Each structure stands twice: as C-alpha cells, then as structure tokens.
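Worksheet: the structure to be examined is printed underneath.
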Amino acid sequence: MLDLTQPHRRFNPLNGSWVLVSPHRTQRPWQGQLEKTAVAAQPEYDPTCYLCPGNSRAGGARNPSYSSTFVFDNDFAVLLPTTPAGTDERDGLLIAAGEPGISRVGCFSPRHDLTVARMPVPDLTLVVDVWAAQYAELGRDPRIGHVQIFENRGEMMGSSNPHPHCQIWASNSIPTEAAAELRAQAAWLACHGSCLLCDYLALERECGERLVCENEAFVALVPFWAVWPFETMVVSKRHLTAMDQLDEAERGRLADIMKRITTRYDNLFEAPFPYTMGFHQRPTDGAAHPESHFHAHYYPPLLRSATIRKFMVGFEMLGMPQRDITAESAAARLRAMPETHYLDLASAAG
C-alpha cells in the first residue's frame, strides 16, 4: 500500500495529467509575497460601478434599473460573432484558426455588496435559471460549439469589479480543457460502458474522506487529483450532460451547494475567498455527447492564510503541478467549516 504521507504523484483521469503531492512541505517557512486582504464591506450601491443598475458602463452604454439578474454583451468582448472561421497553416507548424463567438456578462444581483456565499438560495436559483437559459440560447446559434460559463471572484483571480457577476464565453470550437475532459470521458465510456464521473462519484461517496458537503442532487468534494490547495468539484448525482437537463428542484439544489461551498471558503480564513469557478458540460455542436457529465470546478489560489497564495511557477510550469497539503486534509478542513457565513455569525453574536 502506497504511503500517501510521502511524496507521490496522483493521476487525473478527467484530463490525463499528473500532480506531484509533497505533504511534508507544509512546514516550510514563508518569507515570500503577502497578498493584501480583500475588503469585505462593500456598499449596496456604488455610483462608480459599471455593473450597478442605472449606471453607465465603461463602453458608454447605460444599464437598465434591473431588480434581479442582468445579462449583456460584453462591451470589450474577447470573442466576436463577425470573425471569419477560416484556417491558415504552413508546413504543419504555423497553424491559426479564426474563432467566431459571443462574450457576455451576467450580473447576479442589483446589490453591489453581495457574493454567492451571502445571496439567498432563491435568488441564486434565479442565477442558475439565467445560466441554463443562456446555455440554451447561445447553443442554438450554429456558429457556437461550446458555452463556457465562469466566475472570477476577487482581485487575485483577475476580477476587475467586485459586483457579483460571471462571464459567458460562447466559442465556435471546444476549448482545450473541456476538450481534454470530453476525450477522457468518451474513452472511459467506450472501455467500461459507463460514465467516468458517475463511477468516480460512487467511489468517493463510498470512501467519504474527500467529501465536503452534499444535498439531494449534488456532491461537493476535493478531487483525489486536485492541484490547487482547496480546489473542489461539484458533481451532479444524476447523470446529466448539461444544465439544460436540470429540473426545477435540481436548479435550486445547485444554488444550495454553491452557497454552501463558497460559505465554507470564506469561513476558512474569515475573509473573502478568491476563486475561479466554471462549469463543464455538453458541447453545443449538435452531438448528444452521452459521455459528458455535468460538473463545476472551483480553483482557489489561497494556501496558508488570506494573504499567502499558491504560486504555479518553476517545476509547476516546466514539469507538472505540485501541491503541499493533501486532498484529504483540505477536504477535512473545509468539511469542518460552519455553513453560516462568518459575517452573519459575527452579526448575530454582537
């Protein structure tokens, strides 16, 4: 039996990569960069925010006085629907392809001061409804082969605005990470006759040591092969290929599990916890993709505290990803966190 307290590698069957785990390095001293702690308190309305209701955006358009969710085409879009889809190639080495697409921004709430962790589940369910509607609408466009919905939370993850929002990038091609996962899931289905993530989830629920929380429809866990210190994955219990197959109850339960995992994140260091979250689901290229299993990834960078982050440099860039704390210890710490937000606990206490 392998001693997982010693340096070892773990395989990620979802994309075919490996991660080096070095549990003994958690004791090393730190004299490196310290991040500034994010400011928790924000006003309900910020007159300078380009995402708040009624305000002018950076591109000059004015937001409506929205009262729930709000989606608009990104004023500085990464993808453009007018881009030609042709290719260019020279000697098999210099290859380029046009990438038509659509980029949108989705505001979760008119309130500037809210986060996923602090939004009521019914309001978050409206956000899930918007995501499902955007996935379906954009996926019907013949130019669109993939819809990537993601949220960058916090300056550390490149978010330029604290207003609760996500981005929706609908592309002609299937992006690299999503394509790798699809290939792995298709290979597993062809070899085993079953779904990779269905089989993996059954194994994790049997083990229990990497589970964080669950409800009737979803499980949040730290993957065995996690790269980031407190990385988690949210997996649907029922085999769904995409969010357009979620029923009404499951949409509410997705909102519930997202609130529960992000509350645990904030409670871990009692500070706003940065992360990138994104869904992987069936491409919109017209194929059925029975291999695809709907899930979400959370990639948070914090390592030891609210001011010490994990850097992917050196060996991580030249060799393979490396992590210090094990997936099991990260799951145990997250599992132990209360599901009431630390700011709400403080308010109730005082």
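Restricting the first member to segment 327-338 and to residues that are farther than 23 Å from His24 by Cβ, and the second to residues that are among the charged types (D, E, K, R), the beta-carbon pairs closer than 7 Å and six or more apart or on different chains are Met337/Arg264.
Every listed requirement among (1) within 14 Å of the chain's Cα centre (by Cα); (2) assigned to a loop (DSSP other than H, G, I, E, B) is met by Ala220 save one, (2). Within segment 154-199, if we keep just the residues that are farther than 25 Å from Ala132 by Cβ and in contact with a His (Cβ under 8 Å, 6 or more places away or on another chain), the residue that is least open to solvent (accessible area, probe 1.4 Å) turns out to be Asp199. Taking segment 52-79 as the range and being buried (at least 16 other Cβ atoms within 10 Å of the Cβ), part of a loop (DSSP other than H, G, I, E, B) and in contact (Cβ under 8 Å) with a residue 60 or more places away in the chain as the test, the residues that pass are Cys52, Thr69, Asn74, Leu79. Total residues in segment 123-167 satisfying the condition of being touching an Asp or Glu at 6+ places or on another chain (Cβ under 9 Å), without any contact (Cβ under 8 Å) to a residue 60 or more places away in the chain and either of a type in the set (D, E, K, R) or part of a strand (DSSP E or B) (or both): the figure is 0.
Put simply, of Ala242, Ala217, Ala202 the only residue that is crowded, with 21+ Cβ neighbours inside 10 Å and modelled with pLDDT of 95 or more is Ala242.
Checking each residue in segment 131-149 for being open to solvent by 30 Å² or more (accessible area, probe 1.4 Å) and hydrophobic (A, V, I, L, M, F, W, C) picks out Ala133, Ala136. For segment 292-307, a residue qualifies if it is open to solvent by 20 Å² or more (accessible area, probe 1.4 Å) and either part of a helix (DSSP H, G or I) or not small (Gly, Ala, Ser) (or both), and the qualifying residues are Tyr299, Arg304, Thr307.
The values are calculated or read from the model by the stated rules, or taken from the named source; none is laboratory data. Note that this is a predicted model, so its numbers are computed, not measured. Positions of Cβ are generated from backbone atoms using ideal geometry, with glycine treated the same way; all protein chains shown enter the neighbour counts. Protein only, heavy atoms only, side chains kept; ligands, DNA and RNA dropped before computing areas. Shrake-Rupley method; radii C 1.70, N 1.55, O 1.52, S 1.80 Å.
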